[in-house]
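These notes are about the structure you will find just below.
The values are calculated or read from the model by the stated rules, or taken from the named source; none is laboratory data. Because the structure is predicted, anything quoted here is derived from the model rather than measured. Ideal geometry is used to build each Cβ from the backbone, glycine not excepted, and the neighbour counts take in all protein chains shown. Calculation scope for accessible area: heavy atoms of the full protein, side chains included, ligands and nucleic acids excluded. Shrake-Rupley method; radii C 1.70, N 1.55, O 1.52, S 1.80 Å.
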Amino acid sequence: MADVQGTWTAENEQQFWAALNQILSAPCDSYELLDNALRSWLDLVSKARDEYLDDEDEIANCSEQLIHSPLFSANKDYVRTQIIYSLLQEDEYAPLHVIANFLLSDGRAEEETFRQMIKEGCFVRLLELIKGCGGKDSRLHRLLLQLMYEMSRIERLRDEDLMQIDDGFVTYLFQLIEALADDANDPYHYSVIRVLLVLNEQYMVAATSTATEPSSISPTTNRVIKLLGVHGDSYRTFGENIILLLNRETETSQQLLILKLLYLLFTTSATYEYFYTNDLHVLLDVIIRNLLDLPSEMDILRHTYLRVLAPLLAYTQLSKPPHYKRGQILSLIDILRGTGNAHFMPPEPTTIRLLDRVASTPWLAEEEPESPSLSPIGSLSLSQTGSAVSVIAKVSEKPGVKTPSRKSDMAAQAKGKSEHGGSPPRPPPPRTLRAQKSLPEVPRHKHGVPVVHPPVPVPHLHVNGAGQKKMPPKLPPPRRRAKIIAAVGAEVRTPSETPSPIGPAPVS
């Protein structure tokens, strides 16, 4: 709550949110009351940053409450100007964190905020703050990197701003990427990589503008490409991570930023072999997959991929045998040309010209090419390389636009047909049963050693005497009845008159 001097304090989190709501809901009929409300908001949130606002989303919530408050809605330009001036003058890290968070949230909603920041000279101020708070406040450091990236990709920087970037600052960013990440949410230093990517784009735009505008000052050296050409062996992690980022990225503007850097790396002799060969294999796989997955209406992104693919195949280690995926590349060219494929529409002239440039690579055009040279793209002269740089530098897309996928579109169409009573999907083909194979014969040898089967145990028998089996006694034969002798004149003998089997018969 507010004390006698008008300073707002909060003893717990509940009191903090109540005080914040009270500050933003108070009427401000004059600029003096408006300034007092902004100071109270900044002071209250700054004090609570390390006590109640451990998560960045909670600080962003405080910024969103200010943006949606009547205080800001009625005085947008004035409030933005005051907070931008606070960024230029404030030195304490906690208030700077709150200010940067508000400018980032407001700039993402209204791009005019970023343009005003560039006009007021905030880029040079961000350079100083990023280098100063690196090892002191990691939360503020990460937020300042995001703010620099978002601001620099909306509007072209002034020439005097680019001239303030020295080799030390770019080297500092490369060293951050090589070091172990201390942020579990950003293990690959994507926030730092994005700043380097947008700085490279700014250098390309400045060089193109210098060539077309005679009134412009002398072109500024692209320090990103310069340091990679001189000390590329020390900054390999950066190359590995931008390939990972291209493989995962779904935003079109992000892909264009990466492709612009790759084009310069593959057309600058000092960086022909900056990447490891295995990383180039992964990059080629990603480019082939993305080209096949792009819908027909994504011509700008397709052209940029093809402009990168031509020098990638011609100047890097991929130009040396054994050639990686030559057959798949030739198949890709045929598919994009629409040769015998009903799923791909006939390409427009620019795509055909770029495909011809890729196909003219010697080791693609010949079955067994001669030793590769360092200038194999016959249709790409030095003047054409310069024009291609100007074309790529001007390619852009609004932030946040996702790249559509051919596979997802086809799946959505099939789902829509089934939901609206379209033709049902075809049943799968009947399963054919193959004849059952006989089991393999049990091997008689295992690892070269004969398999010896143990003897079958014989059950124990009760024996008698010398080991002869005791047999049961034989049963006596059955007794026979008296015989009746039938003959003419014979008499029947009774059993008592039957002669004894022993001794002679009696004489009559």
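What does the charge count around His68 come to, taking other residues whose C-beta lies under 15 Å from its C-beta (Lys +1, Arg +1, Asp -1, Glu -1)? Could the numbers behind the result be given before it?
Values: positive: Lys76, Arg80, Arg108; negative: Glu64, Asp106, Glu110.
That sum, taken over residues with Cβ under 15 Å, equals 0.
Taking the Cβ of Glu240 as the centre, find all other residues whose Cβ is under 12 Å away and add up their charges (Lys, Arg: +1; Asp, Glu: -1). Show your work: numbers first, answer last.
On the way: positive: Arg236; negative: Glu178, Asp279.
Local net charge: -1.
Could you order peptides 164-170, 238-244 by the average number of other Cβ atoms within 10 Å of their residues, highest first? Provide the component values of the computation, followed by the final result.
Numbers: 164-170: 14.7, 238-244: 19.6.
Ranked by mean Cβ neighbours within 10 Å, highest first: 238-244, 164-170.
Can you tell me how much longer the chain between Leu244 and Leu330 gets when fully stretched, taken as 0.36 nm per residue apart minus their C-alpha distance, in nm with one decimal?
Values: separation 86, 0.36 × 86 = 30.96 nm, distance 2.48 nm.
Answer, rounded to one decimal: 28.5 nm.
Quickly rank 56-64, 172-180 as a protection proxy: mean count of other C-beta atoms within 10 Å, highest first. If you can, show how the numbers build up before the last one.
Working: 56-64: 17.0, 172-180: 15.3.
Listed from highest to lowest mean packing, they are 56-64, 172-180.
Accessible area per residue of the range 61-209 at 1.4 Å probe, in Å²?
Values: 5890 Å² over 149 residues.
With the other protein chains kept in place, the range 61-209 gives 40 Å² per residue.
Quote the FRET efficiency, to the nearest 0.05, computed for Ser25 versus His231 with a Förster distance R0 of 56 Å and r equal to the Cβ-Cβ distance.
Computed FRET efficiency for Ser25 and His231 comes out at 0.55.
For the range 223-240, take each phi angle, set θ = phi - 60°, evaluate the Karplus expression 6.51 cos²θ - 1.76 cosθ + 1.60, and give the result in whole Hz per residue in order, putting x for glycine and proline.
Once rounded to whole Hz, the list reads 6, 5, 5, 4, 5, 5, x, 8, 10, x, 5, 8, 10, 6, 4, 4, x, 5.
Near Val389, within a Cβ-to-Cβ distance under 13 Å, what is the net charge of the other residues, with Lys and Arg +1 and Asp and Glu -1? Walk me through the numbers on the way to the answer.
Details: positive: Lys260, Arg307, Lys394; negative: Glu201.
So the environment of Val389 carries a net charge of +2.
Sequence-distant or interchain residues sharing an amide H contact under 5 Å with Glu251, placed H: which?
Residues meeting the amide H criterion: Thr403.
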